[in-house]
1. Condition first: in contact with a Lys or Arg (Cβ under 9 Å, 6 or more places away or on another chain) and on the phi > 0 side of the Ramachandran plot. Now tell me which residues in region 201-248 satisfy that.
2. Looking only at residues that are in a loop (DSSP other than H, G, I, E, B) and among the hydroxyl-bearing types (Ser, Thr, Tyr) in region 282-300, which one is surrounded by the fewest Cβ atoms within 10 Å (Cβ to Cβ)?
3. Can you spot a residue in region 303-322 that is closer than 30 Å to CYS475 by Cβ, at pLDDT 90 or above, out of contact with any Phe, Trp or Tyr (no Cβ under 6 Å at 6 or more places or on another chain) and surrounded by fewer than 23 Cβ atoms within 10 Å (Cβ to Cβ)?
4. Are any residues in region 285-344 without any contact (Cβ under 8 Å) to a residue 40 or more places away in the chain and hydroxyl-bearing (Ser, Thr, Tyr), and if so, which ones?
5. Determine which single condition GLU466 fails, assuming it passes every other condition in (1) modelled with pLDDT of 90 or more; (2) assigned to a loop (DSSP other than H, G, I, E, B); (3) more than 22 Å from the chain's Cα centre (by Cα).
6. Could you please let me know if ARG400 is assigned to a loop (DSSP other than H, G, I, E, B) and either under 30 Å from ALA316 (Cα atoms) or in contact with a His (Cβ under 7 Å, 6 or more places away or on another chain) (or both)?
7. So which residues in region 211-263 are among the β-branched types (Val, Ile, Thr), part of a strand (DSSP E or B) and surrounded by 22 or more Cβ atoms within 10 Å (Cβ to Cβ), if there are any at all?
8. Looking at region 365-397 only, could you name the residues that are outside any loop (DSSP other than H, G, I, E, B) and out of contact with any helix residue (DSSP H, G or I) (no Cβ under 8 Å at 6 or more places or on another chain)?
Amino acid sequence: MTAPRSQGVVTLVGAGPGDPGLLTLKGLAALERCDVVLYDSLIGDTVLDLVPEGVELIYVGKTGAHSGADDRQRHIHEVMIERALSGQAVVRLTGGDPFVFGRGGEEAEALRAAGVAFEVVPGVSAAVAVPAYAGIPVTHRGFNTALAVVTGHEDPRLPSARTNWRALASLAAAGGTLVILMGVKNLDRNARFLLDEGVDPSTPAALVQWGSLPRQRTLVGTLETIAAERAARSFGPPAVCVIGPVAALHETLSWFEPGPLAGRRVLVTRALDTSASLVEPLRRLGASPVILPTIEVRDTLDPALDAAVRRLSGFAWVALTSANGVRALMAAVERAGLDARAFAGCRLACVGEATARALREAGLKADLVPAVATAEALALAMIEAGVGGPVLAPLAAGARDTLPTLLGEHGAQIEVIAAYRTAAPAVVPARPMALLRAGKIDAATFASPSAIHHLAQMAAPTPLPELLGRAKVLCIGPVTAREAQKIGLAVDVVPEAHSAEAMIEALVAHFASGAIAG
């Protein structure tokens with residue numbers, strides 16, 4: 001008889017207001033070790049991107065206390081309990097903090113009543129984080145000594161309002177800060193409550209929509225005007241309202257400005273270990289990178305490479321055409337028990353700055369980097385510098401023969417070794433592909449021909465042009481662009497400099513020109 005599986009644990013995790021950087025380390029650890037995640041409408045793609053591939057995602061679709069919300073909440077309780085009793089590790093992921101105007105308390109009660117073990121990972125509450133992202137300190141020694149956080153949308157099942165607006169008005173009238181969560185719909189009514197209780201109509205008020213996210217907007221007015229201004233500017237939920245003198249500090253302390261790529265989803269098709277050069281700059285510019293690795297780099301472990309590194313002193317040049325080639329070469333050097341001194345007497349040529357950077361990280365400096373990052377430019381630069389002896393070229397298996405052909409035409413003795421090979425990932429990440437198929441990608445970046453071919457393979461039977469749909473196509477250089485065009489892709493951007501940095505700059509310029517439609 002099979003022993004019953006031990007009971008799982010439910011972890012109630014607060015994800016913060018939206019910026020994935022505000023998820024706590026403990027919250028991230030819970031996501032990394034769980035089997036299933038239940039999430040709702042305020043959890044954005046950038047937070048869900050932190051969930052490891054293979055973890056089941058269940059959307060529970062809560063959007064507020066309207067008709068059907070209680071049924072959905074009961075369903076959430078049932079799913080958490082059922083999955084935990086079956087032995088799974090469950091994360092219930094909510095925006096902000098689960099115990100601050102969420103239903104984490106009710107969920108914890110349901111779990112306790114069912115005998116299910118649970119733990120709570122507090123999150124960064126929108127009550128303090130969203131005003132902070134708008135340059136509004138909710139407390140300031142020069143302005144206030146009290147802070148109140150209140151929901152602007154009470155449970156409609158209650159027989160009467162529980163919010164003591166008279167007490168809140170007294171706090172606001174004394175210069176305290178009042179933060180209203182979930183109060184956009186009832187902003188006019190709530191402001192009227194405070195005015196009727198004697199709060200000065202000129203009290204500063206601010207409304208911050210989509211706080212901490214690239215599409216953040218801030219509206220500043222007074223208690224008397226903020227509701228009308230909200231309606232005129234179409235400020236909808238989710239938004240946080242701040243009432244009190246500190247709200248006026250937005251004008252001088254504002255620091256978080258949406259970047260030029262705000263709200264744009266940009267597909268990054270590089271291998272995971274090289275995607276950071278695109279992902280982090282894109283995030284700083286306000287974009288939401290969608291990471292879909294189309295390349296897995298695998299060592300060929302060709303004995304010829306191990307043999308070649310033992311006789312490096314016999315080569316006049318080592319020609320490197322990618323960071324992956326650098327890593328494969330240095331791995332062979334290490335296997336041979338050698339170090340950077342083995343390159344004494346060799347000149348090192350790199351196709352571009354990214355490859356030269358990988359070489360520097362290995363403790364070596366390139367002797368030659370052409371201005372244009374192509375194999376053609378590398379070969380011509382080496383010929384101009386004088387080849388003067390044998391050349392070692394650790395390339396990708398199946399790489400174009402441009403470099404060895406050009407060098408060979410000028411009399412160079414070139415030894416080409418397949419140092420690594422690329423392949424499409426064995427497992428295709430589900431969420432990025434779902435966004436692609438739903439037409440929710442604004443721009444797709446390709447840094448190599450293999451990225452294009454592998455994505456086409458992953459997309460089958462859907463043709464790649466159809467899959468990308470309206471997404472703009474950016475290629476790192478003309479070689480990649482030609483491969484894209486061969487399979488019917490319309491290439492929108494090819495930067496003059498063939499680098500990740502130049503590709504991002506070109507994307508920003510393309511967006512600024514209005515070429516990317518909303």
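1. Selection gives TRP210 alone.
2. Start the filter on region 282-300 by keeping residues that are in a loop (DSSP other than H, G, I, E, B), which leaves 285-287, 292-295, 300.
Imposing the further condition that a residue be among the hydroxyl-bearing types (Ser, Thr, Tyr) reduces the set to 294, 300.
Working: THR294: 27, THR300: 16.
The selected residue is THR300.
3. no
4. SER313
5. Result: GLU466 fails condition (2) only.
6. On the way: assigned to a loop (DSSP other than H, G, I, E, B): yes; either under 30 Å from ALA316 (Cα atoms) or in contact with a His (Cβ under 7 Å, 6 or more places away or on another chain) (or both): yes.
So ARG400 fits the description; yes.
7. Listed by number, the residues that qualify are THR218, VAL240, VAL242, ILE243.
8. Kept after step one, since they are outside any loop (DSSP other than H, G, I, E, B), are these residues of region 365-397: 368, 375-385, 391-396.
Of everything in region 365-397, those that are outside any loop (DSSP other than H, G, I, E, B) and out of contact with any helix residue (DSSP H, G or I) (no Cβ under 8 Å at 6 or more places or on another chain) turn out to be ALA377, ALA381, GLU384, ALA385.
The values are calculated or read from the model by the stated rules, or taken from the named source; none is laboratory data. These numbers were taken from a predicted model, which means no experiment stands behind them. FYI the Cβ positions are ideal-geometry reconstructions off the backbone, even for glycines, and counts take in every protein chain you see.
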